[in-house]
Every structure is written in C-alpha cells, then in structure tokens.
Amino acid sequence: MLKRFKQIFLITVIIGVCSCSNKRAQLIPIGDFFNSPEKGNFHISPDGKYLSYLKRYQGKQNIFIQSLVDGKEQMASSFADYDVRDNFWTYNNQIIVTKNMFDSQFDMYAIDMATMQTRNLLSIPQKIAFRVLNRNRVNPDVITFAMNKRDTVVSDVYRMNIKTGELKMYIQNPGNITDWYTDVDGRIRLAKASDGVNETILFRNNDEAKFKPIIVNNFKNMVRPIAFTGVKNYFYALSNVNRDKIALVEINAENGREERVVYSNNNADIEEVSYSKNKHRLDVILCQEAKPQKHFLNPDLKSVYDNLAQQLPGSEINVTDKDSSETHFLINTYNDRDAGSSYLYSSIDKKLTRLSNQTASISPSQLCAMKPVSFKASDGMLINGYLTLPLNRAAENLPIVVIPHDDPWRRDSWGYNAGVQFLANRGYGVFQVNYRGSTGYGKAFYSAGFKQEGGKMQQDITDGVKWLISQKIANPKQIAIYGSRFGGFSALFGTSFHPELYKCVAVQSPLINLFTFSKEIPAFLKPYQSMIYEKMGNPETDADMFRAISPIFNTDKIKVPLLIYQDAKDRRVNMVELNQYVRELKRKKVSVDYVLVNSNGKDKTKRDRSQRERNRLQLYTELEKFLDINLLGKK
C-alpha cells in the first residue's frame, strides 16, 4: 500500500512539474519594456561633490544637480520648449548643456554651480553636429570642440571661453578631415582625412607646424588614435593593419611606424579602450565575443571591478564616469534579462548606491535568456548570432521571429534588447544573425559582406533559418521576419526570394530602393560616399544588381501578409516611393497593413521624446496584433 502511494505521489509531482514548465509566461504590458527611467545621463563633477543628470520638468528633459555632501537635489534648468540633449562638467564646476532642436536650432548653455545662473553660449539656427574634444584642466574656462557651423558637410575645430562667451576658430577643415584628436593639453596634433576610400592619419608637432601624412590606408584597414602615451611622440591606437582582428598598438607619430602590440584578441576585434586622460593611463579593453570580455591594464581599476562584481553578481559592469581623484565612480550595469541600473560607487568605503533602474516594473525572472549560437553557412563559413526563447517553453516547434540588424556594417551584441524581450514574452523565439559584413569578427569577415546585400548576407540569414528548422527549434510553418531600415530591406528580400520560409513580414522605415539610398546620402556622409559605393555598390556601374535586388522592383514576388510602419516625417525614407510601393503591392492583391504616423502634423520641431515613445508603443501594438493574426492564426 505504501509502495502504491509513493508511485501515485511521484506521478503527481511529475505532472505538476511538467504543467509548470509548460505554463506560459505572464504577459507584460508593452509600455513596461520601453519605459524611460525617471533619471538618466548621469555625470559627476571633477571635484566629486556633485552629480548632474537629466530628469523631466513640465514634460521636457532638464538638468538636475544632487549634492554628494548632503544629498539635496536642485533643478538647474527649466527649459519648457525642448529636451536637453547632453551635459558635461568643466574643471571649474560649470555644467555645459546642449540642446539640438531637430533640424531647426542648436543651443549651448553654461550653468554656474556656485550661483546656479544660466548663460547662453551659442545659438545657431540650424542642425549642428557637436563633439567635445577637450576640457582644459590648466585653463578650465576654455573648451575645445568640433562642429559643422561653417559647412554642414565637415566639422571645424573651435575654442570657446565659457566665461566670456568668446568663440574662436582653432582649425578650419580643409574639406577632407573626418576626425580630430587632441593631446592632454587640448592641442590638435593628430587628424584623420578621407577621400571616401582611403584614410590618412596626419600629425603635427605643435600648433605652428603643418600637418604631415604618416599613415595611409584603404578603408578596409583602420587606425583609430586613442591618446598620446606621454613618451616621445608615441600614441596608442586601435589598428587592424597587417592583421585580421583590431588590436591595441603603440605608434610612433614621427613616422607612422607601429612600435608594439599592447593587446590583441584572436577571437574578436577590440571594440573600445578606456583611457584616463587625468592619469595618462590605459585602464580597460572591451571585446565583443559571444558575450562582452574585458581585459584590465590597470590593477587598481580591476580591484574596483572585482568588488563591484561581488556586489552585483550576474551583471555586466561598466564605469561611465569618475571624479579626478578616482574615489567616486558612476557605474552602469546590464545583462540579457535586465536593461540595467546606474549606481554611484565609493572606492573608499566600497559603498554602492543605486541612482536609477531602467526597467523597474519588470523582474529579470520574467524575461528570457539571450543565448549565443553559431552555425555553418551553405558555403562553409561560420556564422554567429543570438537566439532568445520564450520562458517556460521547450526549445522545439516554436513560432520564430527573425530580426536582421538595421545597419549592414554593425552587429547584434549580447545584452538587453527591449524589442526582443517583448516578442519572447509574447511566446516567440527571436533569432538574430550576425551575417558576413557584421563588425567585430575581423577584417576578412567584414570584407566578405561587400556588395553582398542581395547575396551572401541574405543567404546567411536564410541558412540560419534552415538551421533552426533542422534543429527542430522552429515550426517551419510559423516563421516571420521583421526589420527596420536595412533590416527592413533584408526582411522584404527574404520574403521575395524565399517565400517558402516565411509566413509573414513586418518592416519599419524600410530601405526599398538602393538607387535612391545611394543618391540621397546625407550631407554628413558625403566624405564617405566612395567608400559606401565600394561596400554596397555604385548606382551606375552596379545598376543591374541594384535593380535585381531592390524591393521596389520586385513587388511581384511578395506573396505573404506585410506590415509597414512608417513615420511620415522620417527623412531617411522617400515617402513618394514608399507610397508607390504600397499601391503596387495592393494592386497585386498582397495583404498590406500600412500604418502611417504623422508626428504632430507639420511642426517637426515638436517631435520630442514623448512623441517618439508614443510611436514606439504604437509600433509594437501593431506588430503584436499583426503577428497574432498572420503568424499564429488568431482571429
């Protein structure tokens, strides 16, 4: 009898466990995935006494200050027209604030921490590309920055006295300089020039000397200066010259010769190097393998990270700012199930204080793991990507949404992705493919994608979908593809030329005509036009290829339901062509849901953060409804 009871009990437990494992995850409201934190964009004053951050006032992002002595908060700005875009501290406790009002206006202000008075420094009636190059410790009233005030295509270098408001052009761009690099004193001693295909690193010893070329590379090779080492005229740089993967090297600026390799990784390009200008010291190197990998060059900073890892287990940790004495650090954390939090950390008492939580309304336990995967393409090349599976579901016979990344020359990386987590929460497996041409995997892999936007790039995505089917992870009758910009091109290409694979397709602001894309390059990308032609094709010499693969010329090939979500004010999309494309598809009896959003009528300057958030919520509401009906067959 006892034996019989034990058998019944065991069967009951097994049934209960199986029932729990098959229980669908609780649906999370769409807005919770995309909510912005109350505070963000934290910076610390060089003296370590204050925090600045963005917080809403009357619906707009404004600057607030918190004292680290008594914890009191002050509102430092009260702009009611447009959001503050960014802020940074000078070495004499001035906060420099920038506002870019879309295409109509750029403003820069200084806030004096001692008096809390705000002064207007710049007011330019045009869209400005602005980049800070140096904050001067010796003369803290002077900042050096690049902006395209004189010529929208290129950036000149300016120096401004923020106390007097005096603005002086430091160096006028001759027309081919794409980047400027300062030494620790704010002097421009390195620059990068481009003719669209070849890049040249230029060097000068001082302000009176002329720039001379020291390194010339085809764009397939790269040298990106980081900082002068402080020894002779040597500088640190990221370089893949004479190697496949980007490495950290030391270069002699007098002759452009590489003196030594500081660090290299055989599996991935170096993506980022943290360098302390205050201490003239290399701190940490970041590589994106399947997951982020750090290599420490500063043992003191490694001790900080080690202590933080004990307090924040399971999180990726990055130092985003620190004071001059390196006793206060601003920390950002994240992982694949958590958008992350910002913290203040004291290296003196090891105290960690949370400042904001990106997704406070969602528990990481409700979200899904992003798993690195790899497969062999049909020509044998190893392709990497990520697979995110819904919670409490076996990895078999799942509905799948394929999401190609929206820039062919970037990559998907491991970490939190709100759109991916939303789809996984709705029961879909999400598949992201780093097809050839994606960055991070070395020069050969990157170059293998050139002029392959209708060839091997797309074949890699197709091979990945077939791999999911062969592994019985995907239900072959329930696969959709969704993308924006170039990802939208890939989605439309996939359903046009492989209609047997996809049940439906969704796109946002899709690239539909390669001719238009190549001819309407924005002004700031004009210096790179020849390079873009080398990578994607030339509209004149590669016209046959453009016509063969552009979705606008292949409307007869789409046979599945299509969702197009489009902001009518999006300048990246030719609306005449897109409307024509939709009309032609409908004429051919394709089921098209065309959601056209008119952001605040004709006044483009009112398209603020709130409007973008509303558009995003609408996009995912429409996407959820579309997939429910066309992929899952719900009525």
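For residues in the stretch 261-274 being of a type outside the set (A, V, I, L, M) and under 21 Å from S374 (Cβ atoms), which is most open to solvent (accessible area, probe 1.4 Å)?
Here the answer is N266.
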Worksheet item: Looking only at the stretch 609-635, which residues are at pLDDT below 90 and of a type in the set (D, E)?
Response: E613
Worksheet item: Can you name the residue in the stretch 61-78 that is within 29 Å of the chain's Cα centre (by Cα) and more than 16 Å from A110 (Cβ to Cβ) and is also most open to solvent (accessible area, probe 1.4 Å) among such residues?
Response: Q66
Practice prompt. Scan the stretch 86-101 for residues that are farther than 25 Å from T353 by Cα and open to solvent by 40 Å² or more (accessible area, probe 1.4 Å) and jot them down.
Written response: N92
Response to the item:
Scanning the stretch 145-179 for residues that are within 27 Å of N255 (Cβ to Cβ), part of a strand (DSSP E or B) and open to solvent by 10 Å² or more (accessible area, probe 1.4 Å) gives Y170, I171, I177, T178, D179
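Rundown of residues vs (1) in contact (Cβ under 8 Å) with a residue 24 or more places away in the chain; (2) surrounded by 18 or more Cβ atoms within 10 Å (Cβ to Cβ), yes/no style:
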{"residue": "P364", "(1), (2)": "yes, no"}
{"residue": "L367", "(1), (2)": "yes, yes"}
{"residue": "K371", "(1), (2)": "no, no"}
{"residue": "S378", "(1), (2)": "yes, no"}
{"residue": "A395", "(1), (2)": "yes, no"}
{"residue": "L398", "(1), (2)": "yes, yes"}
{"residue": "V401", "(1), (2)": "yes, yes"}
Fill in: Of all residues in the stretch 102-123 being open to solvent by less than 10 Å² (accessible area, probe 1.4 Å) and of a type in the set (A, V, I, L, M), the one that is farthest from Q74 (Cα to Cα)
M108
Worksheet item: With respect to the numbered conditions (1) surrounded by 15 or more Cβ atoms within 10 Å (Cβ to Cβ); (2) in a loop (DSSP other than H, G, I, E, B); (3) not aromatic (F, W, Y), which one is the sole condition not fulfilled by E254?
Response: (1)
Response to the item:
Residue count, the stretch 275-287, condition more than 16 Å from G230 (Cα to Cα) and open to solvent by 20 Å² or more (accessible area, probe 1.4 Å), comes to 1
Worksheet item: Hey, K569 hits all of (1) within 30 Å of G196 (Cα to Cα); (2) modelled with pLDDT under 95; (3) not in a loop (DSSP other than H, G, I, E, B) but one; which does it fall short on?
Response: (3)
Worksheet item: Looking at (1) at pLDDT 95 or above; (2) among the aliphatic types (A, V, I, L, M); (3) in a loop (DSSP other than H, G, I, E, B), can you tell me which one V216 breaks?
Response: (3)
Worksheet entry | Residues of the stretch 350-362 satisfying the condition of being among the β-branched types (V, I, T) and either surrounded by fewer than 17 Cβ atoms within 10 Å (Cβ to Cβ) or under 20 Å from V430 (Cα atoms) (or both) | T353, I362
Worksheet entry | Candidate set from the stretch 44-60 (those that are touching a residue at least 60 places away in the same chain (Cβ under 8 Å) and on the phi > 0 side of the Ramachandran plot); member that is surrounded by the fewest Cβ atoms within 10 Å (Cβ to Cβ) | G59
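Of all residues in the stretch 187-213, which are in contact (Cβ under 8 Å) with a residue 12 or more places away in the chain, more than 28 Å from the chain's Cα centre (by Cα) and not in a strand (DSSP E or B)?
R187, R204, N205, N206, D207, F211
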Response to the item:
By residue number, the members of the stretch 289-305 that are open to solvent by 20 Å² or more (accessible area, probe 1.4 Å) and in a strand (DSSP E or B) are Q293, K294, H295, F296
Discussion item. Just checking: which of the helices (runs of 4 or more DSSP H) contained wholly in the stretch 414-473 hold 1 or more residues that are open to solvent by 30 Å² or more (accessible area, probe 1.4 Å) and modelled with pLDDT of 95 or more?
Written reply: 443-447, 456-470
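The values are calculated or read from the model by the stated rules, or taken from the named source; none is laboratory data. All figures in this text were calculated on a predicted structure; none of them were measured in a lab. Glycine gets a Cβ as well: all are built from the backbone with ideal geometry, and neighbour counts include every protein chain shown. With ligands, DNA and RNA removed, areas are computed over all heavy atoms of the protein, side chains included. Shrake-Rupley method; radii C 1.70, N 1.55, O 1.52, S 1.80 Å.
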